[in-house]
Amino acid sequence: MVRVGLVGVGRGGMIAQWAGNRNVSFAAVCDTAFADADVEKAALERLAKGGAPFAVAYRDFSRFLEHDLDLVLIASPPPCHAAQSIAALHAGKDVICEVPSVMSIAEGRELVAAVRASGRRYFFAENCCYWGFVRAWRQMILAGDVGTPYYLEGEYVHDIRYLMRHNGEATWRASFNPLRYCTHETGPLFDLLDDRGVRVVAVNTPSLVSPEFPAPDAGTALITTSKGAVVKTLACFKNALHGSYHRYLLFATNGTLETKTTEAVTHASLPRIPHLQGEVKLPLGTALAGGHAGGGHGGADLAMLNDFLDAILHDRPSPIDVYRGLDYSLPGVCATLSAEQGGMPVDIPDPRLF
């Protein structure tokens, strides 16, 4: 039985997908909002209704870490991720951390040091790597069907201005540079390439859509990988679009793959494969055993959580470890630095050398 603790009851609600799993015990939950007793009661009731009846609630993170836990899911705001991950690791807990993993290169160094010193597992929760079409594209690449990828694009467009203010106060999102939130693009694209970024140039737009929120409306980056491919990312969090979408594109020497913005459909052009011409349906849901498309993010959340849990139960390495998590996160850190320097190239460090 894995005794699980949760930090952050907002995004952390995905943990309820483990409801009914006999290998999981919902031991403790922590949130600074619990300073308000009514907020705590409502949050605990919501989690319990979703299938995650936590036994104990804390508002103090240090006291939370004293609880008897095996695994901590960190779903707090990104500025807290590194410090809370490091503290949990030093407290002897395995960690699942939401995206991005760090806010600076210095935090990346400290995180790697904590993983090495503690000997605990670190799991980076990039759920987009678990979408079925990503797995299908990876199989095509490994089989040589598309040839060598040389140019890729990833976009995440989501108007989240409604999350930039709470109870009349600006939230962390109001000043959060969208370039930092790049792992929904770098994660699946670097996974496809089995690669990492080595240099980035980036630019931000001004804050025009809602000037009361100082964060740029959008940011775009060009990343050169260690294998010589070019990856373009776009994150846009203030726009007139209703809903949200992800879009991915891959150019390779023997073919092209592209998703639509509204559903997981691949536009394939693979001359060597006669039946892969034009539009081909590839399901959004997970290709992993035990997953289903009815779960969060088209089944990706549950597939990811189950993969991480399986690694704990069978004592195997993390499927997305601290190094891979930093491979996905550091391009956003360095892209932000590039944009702040007027689009100057910035080298992306290899976290294995920290």
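The values are calculated or read from the model by the stated rules, or taken from the named source; none is laboratory data. The structure displayed is predicted, hence computed values, not measured ones. Using ideal geometry, Cβ is built from the backbone for each residue, glycine included, and neighbour counts are taken over all protein chains shown.
Tabulated data for the structure shown
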| quantity | calculated |
| --- | --- |
| Residue 135 modelled with pLDDT under 95, in contact with a helix residue (DSSP H, G or I) (Cβ under 9 Å, 6 or more places away or on another chain) and surrounded by fewer than 24 Cβ atoms within 10 Å (Cβ to Cβ) | yes |
| Of all residues making up segment 180-223, the number that are farther than 17 Å from residue 346 by Cβ and among the β-branched types (Val, Ile, Thr) | 3 |
| Among the candidates 44, 69, residue that is at pLDDT 95 or above and either over 16 Å from residue 330 (Cβ atoms) or assigned to a loop (DSSP other than H, G, I, E, B) (or both) | 69 |
| Segment 86-107 residues that are farther than 9 Å from residue 120 by Cβ, paired with ones that are part of a loop (DSSP other than H, G, I, E, B) (beta carbon under 6 Å, 6 or more apart) | 96/125; 98/75; 98/125; 99/126 |
| Qualifying position, being within 19 Å of residue 171 (Cβ to Cβ) and part of a helix (DSSP H, G or I), among 83, 87 | 83 |
| Qualifying positions in segment 1-33 - closer than 11 Å to residue 54 by Cα, touching a Leu at 6+ places or on another chain (Cβ under 8 Å) and of a type in the set (Gly, Ala, Ser) | 5, 16, 27, 28 |
| Lone unmet requirement of (1) at pLDDT 95 or above; (2) among the aromatic types (Phe, Trp, Tyr); (3) more than 26 Å from residue 336 (Cα to Cα) for residue 123 | (3) |
| Qualifying positions in segment 182-223 - surrounded by fewer than 24 Cβ atoms within 10 Å (Cβ to Cβ), under 30 Å from residue 136 (Cβ atoms) and either among the acidic types (Asp, Glu) or not assigned by TED's automatic domain parsing to the domain that holds residue 150 (or both) | 191, 194, 195 |
| Of residues in segment 231-251 being in contact with a Ser or Thr (Cβ under 6 Å, 6 or more places away or on another chain) and outside any loop (DSSP other than H, G, I, E, B), the one modelled with the lowest pLDDT | 245 |
| Test: residue 287 is buried (at least 16 other Cβ atoms within 10 Å of the Cβ) and at pLDDT 70 or above | no |
| Subset of segment 209-227 [touching an Asp or Glu at 6+ places or on another chain (Cβ under 6 Å) and of a type in the set (A, V, I, L, M, F, W, C)] | 209 |
| Complete set of residues in segment 1-27 that are outside any helix (DSSP H, G or I), within 21 Å of residue 78 (Cα to Cα) and among the hydrophobic types (A, V, I, L, M, F, W, C) | 4, 6, 7, 9 |
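Yes/no matrix, rows are residues, columns are (1) under 25 Å from residue 321 (Cβ atoms); (2) in contact (Cβ under 8 Å) with a residue 24 or more places away in the chain:
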{"position": "119", "(1), (2)": "yes, no"}
{"position": "129", "(1), (2)": "yes, yes"}
{"position": "147", "(1), (2)": "no, yes"}
{"position": "158", "(1), (2)": "no, yes"}
{"position": "161", "(1), (2)": "no, yes"}
{"position": "168", "(1), (2)": "no, no"}
{"position": "188", "(1), (2)": "yes, yes"}
